[in-house]
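The values are calculated or read from the model by the stated rules, or taken from the named source; none is laboratory data. As the structure is a computational prediction, the values presented were derived from the model and not from experiment. As a convention, Cβ positions derive from the backbone with ideal geometry for all residues, glycine included, and neighbour counts pool all protein chains shown. Accessible surface areas use protein heavy atoms only, side chains included; no ligands, DNA or RNA. Shrake-Rupley method; radii C 1.70, N 1.55, O 1.52, S 1.80 Å.
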Amino acid sequence: MTTYAALLRGINVGGHKKVPMAELRDLMAGLGWSDVRTYLQSGNAVFTTGDADPGDRLERAVADRFGFEVRCLVRTAAELRAVADACPYPAAELDPAKLVVLFLEEAPGESHFGSLDGARFAPDTFEHVGSAVYCYFPDGMGRSKLPSALESVSPKVVMTGRNWRTVQRLIELAS
């Protein structure tokens, strides 16, 4: 049995793709998963299962239950801790709401985001490390053009972002 965090992409945003967390917990428990807990309304769930590929199974179950497709990026508790440990920013010194981790479905090559000129997005910055992109938005993320620029790099990589506070809370829940 392994403990995972599921990061559902793009649910409960602007009234679209509504997935009530109580229903998500019931759905996941119905898949035979245990210790199912959710965090916030933005699609974060922690659970334990022996399933080899819970992400695909959860995507199919959400589509069947709610009638729309949602990408689900899944990380083990150890993978979440490794993402936190690899953060290139001094996380303890920064506002956790302004430090964001973009979890990538797969780890693209080191140069994948090399076509982006970081200076164009200043004061916002980013660092790509493995299957994560760490972004710091000193003035907040609201008006930044950096997230859409990162998503538009070809070939496209599925990604979903969580602020540092959420990353830390998911690590706690998965421990």
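Across the range 68-84, which residue is farthest from residue 25 (Cα to Cα) among those that are basic (Lys, Arg) and open to solvent by 40 Å² or more (accessible area, probe 1.4 Å)? Lay out the reasoning, then the answer.
Applying the first criterion (basic (Lys, Arg)) to the range 68-84 yields 71, 75, 81.
Okay, now just the ones that are also open to solvent by 40 Å² or more (accessible area, probe 1.4 Å), so 71, 81.
Details: 71: 17, 81: 23 Å.
Residue satisfying both the conditions and the ranking: 81.
Counting only strands (runs of 3 or more DSSP E) that sit wholly inside the range 85-163, those with at least 3 residues that are within 18 Å of residue 7 (Cα to Cα) and open to solvent by less than 60 Å² (accessible area, probe 1.4 Å) are 99-104, 132-136, 159-163.
None of 65, 60 is in contact with a helix residue (DSSP H, G or I) (Cβ under 8 Å, 6 or more places away or on another chain) and open to solvent by 70 Å² or more (accessible area, probe 1.4 Å) except 65. Taking every residue in the range 141-154 that is closer than 14 Å to residue 119 by Cβ and without any contact (Cβ under 8 Å) to a residue 12 or more places away in the chain and pairing it with any residue that is hydroxyl-bearing (Ser, Thr, Tyr) and open to solvent by 30 Å² or more (accessible area, probe 1.4 Å), at least 6 positions away or on another chain, yields no pair with a Cβ-Cβ distance below 8 Å.
Within the range 44-72, the set of residues being free of Cβ contacts under 8 Å to residues at least 40 places away in the same chain, closer than 21 Å to residue 162 by Cβ and not in a helix (DSSP H, G or I) comprises 69 only. Scanning the range 1-36 for residues that are assigned to a strand (DSSP E or B) and either without any contact (Cβ under 8 Å) to a residue 12 or more places away in the chain or open to solvent by 20 Å² or more (accessible area, probe 1.4 Å) (or both) returns 2, 3, 4, 13, 16, 34, 35, 36.
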